[in-house]
Amino acid sequence: MTGLRDALPATIRTDRLTLAAPRLEDLAELVPLANNENVTRWTARMPYPYGHADGVDFVENIATGAGERPYAIRNETGAFVGIVSLMFPSDRPELGYWLGEPFWGRGYGSEAVSALLDTTRATGLAPVVEARALAHNRASLRVLEKQGFVRVEEVVGDCGRNQGRLIVYLELDFER
């Protein structure tokens, strides 16, 4: 999936948002938003507490590695809102995202996810995109299903933060 990662543009713009690579300058906003249990409890891999070193590791290592293509989400005022990304764990990319709690309920998640999916579709390099969400995270499931994702499986998590929690696996088939 390196081809898809490299085919995605450096910047994606919508009416209200700019998606671009996370940078060290974002840490002053990123870290306080990510250091919120109301945010991290919905994610599979974000640590809590989330400190400055976690943010530096994300920007300098994870965001620049071949396994992921994250975009910092910035709103119309330039404020850092969250992250939307494609991860490449297998031959199918997996969509992931999170928003800072002050930005919930404003449509930013749907807009950012839609923009990244439209851009991914336009490359023609990924006929299917996967996603997952906790079964009781209705807001995230609603965002994904509005984009055309369909539920394919529900599994009880067997490790980490999601151990014992019901996880919904979804996929979006661009060829349907």
Distance in nm between label sites at residue 79 and residue 122, each 7 Å beyond Cα in the beta-carbon direction?
2.8
Please work out the Cα convex hull volume for region 2-126 and give it in Å³ per residue.
97
What shape does region 70-176 have by the C-alpha gyration tensor, where a ≥ b ≥ c are the square roots of the eigenvalues, rounded means a/c under 1.5, and otherwise prolate means a/b greater than b/c and oblate the rest?
oblate
Among DSSP beta bridges whose residues both lie in the chain, state the antiparallel percentage, nearest 5.
95
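Please work out the FRET efficiency for the pair residue 174 and residue 52, using the Cβ-Cβ distance as r and a Förster radius of 30 Å; give the result to the nearest 0.05. Write out the running numbers ahead of the final one.
Values: r = 38 Å, r/R0 = 1.28.
Once rounded, the FRET efficiency stands at 0.20.
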Cβ-derived FRET efficiency at R0 35 Å, residue 11 paired with residue 150, nearest 0.05
0.70
Might you report the magnitude of the Cβ-based charge dipole of region 2-126 about its Cα centre, with Lys and Arg at +1 and Asp and Glu at -1, to the nearest 20 debye?
280
Let me have the 222 nm mean residue ellipticity of the chain computed from DSSP H runs of 4+ only, each contributing -39500 (n - 2.57), with the sum over all residues rounded to the nearest 500.
-7500 deg cm²/dmol
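Label region 122-176 by shape, choosing from rounded, prolate and oblate, from the square roots a ≥ b ≥ c of the eigenvalues of the Cα gyration tensor; if a/c is under 1.5 it is rounded, and otherwise prolate applies when a/b is larger than b/c, oblate when it is not.
Numbers: a/c = 2.74, a/b = 1.90, b/c = 1.44.
Prolate.
Taken together, the values in this text are just the output of simple stated rules run on the coordinates, not laboratory data. Only a predicted model underlies this, so the values are computations on that prediction, with no experimental measurement involved. Ideal geometry is used to build each Cβ from the backbone, glycine not excepted, and the neighbour counts take in all protein chains shown.
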